[in-house]
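Structure first, commentary second.
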Amino acid sequence: MSTFWDRKEKPYIVILFCLPFVWMFVSLLMGQYFPDPGKLLMRLSGIWASVAVVAVMAMTLIGKVKSFRFINRYRRFIGLTAFFYALLHFVIYLVLFAGLSWTWISSDLVEKPYIYVGTLALVILAVLALTSTKAMIRKLGKKWKPLHRLMYLAAISVIAHLWWQVKDDISLALYFSVFLVPLLIMKIPTLPSYKKLFKKT
Ligand code: HEM
């Protein structure tokens with residue numbers, strides 16, 4: 001690969017994945033999302049979280065090709081990006097949708113059960129983010145890899161979250177499924193490694 005891919009590209013990758021956040025933030029300050037900023041920001045943050053989930057899933061596969069191995073060093077960063085946008089989506093829900101009212105949330109949960117699977121994806125991304133440090137990789141040893149394969153369950157939850165909330169427009173659910181479903185199918189052969197999670201080391 002060219003000498004560009006010699007860690008010099010790192011700042012550009014960071015800027016690229018921070019851009020949607022900066023763009024959302026500036027547009028919000030400029031009043032572009034009014035009168036209903038919650039609705040649009042919820043959709044945008046959800047879309048960017050999904051994009052990052054697709055990116056992580058695709059990276060594990062592309063990173064196996066010899067000349068693309070360099071992308072493996074960005075997997076952690078893109079995983080953290082997915083967590084960041086999912087957390088942002090969650091905060092927007094709590095603040096702009098629910099106005100931090102627990103009574104409102106509990107009645108909304110009855111109406112929108114797809115929130116549960118979204119939350120499952122968020123919790124998995126949080127666990128993976130917390131266990132992605134060098135110290136945790138060392139501590140978890142052989143259990144680290146099967147644990148981090150929970151990313152597939154997170155991807156399945158995202159697909160369920162998107163299809164479950166479809167009313168008439170299926171486009172977004174369809175676009176993300178077109179990427180995620182084949183990537184998930186290709187991962188099926190790695191599933192037996194889950195046995196390692198329950199083995200004593
Ligand atoms: C990795 C985690 C998640 C991803 C990738 C994700 C993705 C998305 C996307 C792309 C949409 C837009 C769908 C559309 O407009 O057609 C959306 C909508 C929504 N999500 Fe999530 N979501 C996640 C987690 C959550 C969590 C934790 C919550 C709950 C607090 C949540 C609540 C919602 C709600 C209420 C909507 C509908 C917003 C509306 O009515 O316009 N999501 N999500």
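The values are calculated or read from the model by the stated rules, or taken from the named source; none is laboratory data. Predicted, not measured: the structure shown is a model, and the values here were computed from it. We place every Cβ from the backbone using ideal geometry, glycine too, and count neighbours over all the protein chains shown. Note: accessible area is taken over every heavy atom of the protein model, side chains too, but ligands, DNA and RNA are not part of it. Shrake-Rupley method; radii C 1.70, N 1.55, O 1.52, S 1.80 Å.
From ALA135, ALA121, grab the single residue that is in a helix (DSSP H, G or I), out of contact with any Pro (no Cβ under 9 Å at 6 or more places or on another chain) and either among the basic types (Lys, Arg) or surrounded by 15 or more Cβ atoms within 10 Å (Cβ to Cβ) (or both). Walk me through how you get there before you give the answer.
Values: ALA135 fails: either among the basic types (Lys, Arg) or surrounded by 15 or more Cβ atoms within 10 Å (Cβ to Cβ) (or both).
None of the other options fit; the residue is ALA121.
Tell me, yes or no, whether the stretch 174-193 has at least one residue that is closer than 18 Å to THR119 by Cβ, open to solvent by 40 Å² or more (accessible area, probe 1.4 Å) and at pLDDT 95 or above. There is no residue in the stretch 174-193 that is closer than 18 Å to THR119 by Cβ, open to solvent by 40 Å² or more (accessible area, probe 1.4 Å) and at pLDDT 95 or above. Go through the residues of the stretch 81-103 one by one and say whether even a single one is open to solvent by less than 60 Å² (accessible area, probe 1.4 Å), in contact with a Ser or Thr (Cβ under 7 Å, 6 or more places away or on another chain) and farther than 22 Å from LYS167 by Cβ. Looking through the stretch 81-103, at least one residue is open to solvent by less than 60 Å² (accessible area, probe 1.4 Å), in contact with a Ser or Thr (Cβ under 7 Å, 6 or more places away or on another chain) and farther than 22 Å from LYS167 by Cβ. Evaluated against (1) more than 8 Å from the ligand (Cβ to nearest atom); (2) modelled with pLDDT of 95 or more, ILE115 falls short on exactly one condition, (1).
Given the structure, is ILE170 closer than 20 Å to LEU87 by Cα and either open to solvent by less than 30 Å² (accessible area, probe 1.4 Å) or of a type in the set (A, V, I, L, M, F, W, C) (or both)? Show your work before the answer.
Details: closer than 20 Å to LEU87 by Cα: no; either open to solvent by less than 30 Å² (accessible area, probe 1.4 Å) or of a type in the set (A, V, I, L, M, F, W, C) (or both): yes.
Spelling it out, it is not the case that ILE170 is closer than 20 Å to LEU87 by Cα and either open to solvent by less than 30 Å² (accessible area, probe 1.4 Å) or of a type in the set (A, V, I, L, M, F, W, C) (or both).
Within the stretch 156-169, how many residues are near the ligand (Cβ under 9 Å from one of its atoms) and either over 11 Å from GLY118 (Cα atoms) or over 15 Å from the mean Cα position of the chain (by Cα) (or both)? The qualifying residues number 4.
For the stretch 26-59, the candidate set comprises residues that are open to solvent by less than 30 Å² (accessible area, probe 1.4 Å) and among the polar types (S, T, N, Q); within that set, the residue that is farthest from the ligand (Cβ to nearest atom) is SER27.
LEU140: surrounded by 15 or more Cβ atoms within 10 Å (Cβ to Cβ), over 24 Å from TYR85 (Cβ atoms) and modelled with pLDDT of 95 or more, yes or no?
yes
With respect to the conditions (1) free of Cβ contacts under 8 Å to residues at least 12 places away in the same chain; (2) more than 16 Å from the ligand (Cβ to nearest atom), TRP102 lacks only one, and its number is (2).
The C-beta contact set for the stretch 22-33 (first residue assigned to a helix (DSSP H, G or I), second residue charged (D, E, K, R), distance under 8 angstrom, 6+ apart or interchain) is empty. Evaluating ILE156 against the criteria (1) open to solvent by 60 Å² or more (accessible area, probe 1.4 Å); (2) hydrophobic (A, V, I, L, M, F, W, C); (3) not in a helix (DSSP H, G or I) leaves one unmet condition, (3).
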